[in-house]
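Peer 1: Just passing along the structure, written as structure tokens.
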Amino acid sequence: MLIGHQTWVFPSRPVILSSAAVGGPFEAEGPLSSDFDTLHGDTFLGQDSWEKSERTLLEEACDKAIEKAGLTKEQVHFFLGGDLMNQIISSSFAARTLTIPYLGLFGACSTTMEGLALAALIVDSQSGDYVLTGSCSHNSSAEKQYRYPTEYGGQKPPTAQWSVTGAGAAVVGSKGNGLHVTSATIGRVVDMGLKDPFNMGAAMAPAALNTIETHFRERQLPHDYYDLVVTGDLGRVGHGILSELLPKHKINLPLDRYRDCGMLIYGDNPSVWSGGSGAGCVASVTYGHLLRSMEKGAWKRILVVATGALHSPMTYQQGESIPCIAHAVSIESA
């Protein structure tokens, strides 16, 4: 059901039947390591390229989510997936292995919530009983495509972020036990004219602000409705900017209830500069740490606002600014 101009409310309250998170060796050293289903000690995952490794991450997360839901692949009606690679090859090649009817998505690092919002919409409209959704990224494949290959050893500024080697997936169904997807606000593209690919947090923070502001206004909710509002992946720089922007726009969100996936996944590790990023960051933190914490009773209601920078190496080389977007999904335990 559409309320306002860009928010869906799901009257049937689709259920997240299961979720799974897979990470690499660096993620295994972080504070959220216990919330991953699988952690690999080798970034190649037995493959002969970074891109194949990334695909494997997503395949493993999807297989685990289906298994935990007590389903077979044949019972899943649709798979919604996306990643950062050209032509979203990680998701498309994973879909080739899964053999589930597939809708490929690209929202950069916002893809995780784009997929969850659409999965809930499909289930809520009775257009499918079980929908699988997921996204992924790999540090080495993302660095090679968007910045400099890791072998180059280029120095980065403090505003830069570390692309997560990880994947997350979830199965959404119409019935069963689990957390509920209650609403979603689909973001608008926001471009403030920033051009620095090493400062994604500053570029994406205004998009997060726009979506958060819209979500509370269209749902007519008090600003303290959610036990947790989490963005991803603004990192320390973007988190700081958004924390300053919220009160200026009269959004009285209690700042002790605001977190960022890019800051959560690696904690205070200084080697990641401003924090984590990548489509696998929001996916693994949400489908690992956040949902597991909700299941343990840490929070009853959360709003996940996944942010994405919609640029490419080509647009950067042509001098374009960086358009950004944020999609918000609310998840509730009762």
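What follows draws every value from the coordinates through simple rules; no lab data is involved. The shown structure was predicted, so the numbers you read here are calculated from the model rather than taken from an experiment. With ideal geometry, Cβ positions are generated from the backbone for all residues, glycine too; neighbour counts draw on all protein chains shown.
Peer 1: Can you pull out every residue in the stretch 206-246 that is part of a helix (DSSP H, G or I), hydrophobic (A, V, I, L, M, F, W, C) and touching an Asp or Glu at 6+ places or on another chain (Cβ under 9 Å)?
Peer 2: Within the stretch 206-246, 207, 242, 246 qualify.
Peer 1: Looking only at the stretch 188-205, count how many residues are under 20 Å from residue 117 (Cα atoms) and in a helix (DSSP H, G or I).
Peer 2: To start, the set of residues in the stretch 188-205 that are under 20 Å from residue 117 (Cα atoms) comprises 188-190, 204.
Retained after the next criterion (residues that are in a helix (DSSP H, G or I)): 204.
Counting residues in the stretch 188-205 that are under 20 Å from residue 117 (Cα atoms) and in a helix (DSSP H, G or I) gives 1.
Peer 1: Of the residues that make up the stretch 55-70, is at least one assigned to a loop (DSSP other than H, G, I, E, B) and either surrounded by 16 or more Cβ atoms within 10 Å (Cβ to Cβ) or not charged (D, E, K, R) (or both)?
Peer 2: Within the stretch 55-70, one or more residues are assigned to a loop (DSSP other than H, G, I, E, B) and either surrounded by 16 or more Cβ atoms within 10 Å (Cβ to Cβ) or not charged (D, E, K, R) (or both).
Peer 1: May I pose another question? Would you call residue 274 crowded, with 24+ Cβ neighbours inside 10 Å and farther than 27 Å from residue 133 by Cβ?
Peer 2: For residue 274, the condition - crowded, with 24+ Cβ neighbours inside 10 Å and farther than 27 Å from residue 133 by Cβ - is met.
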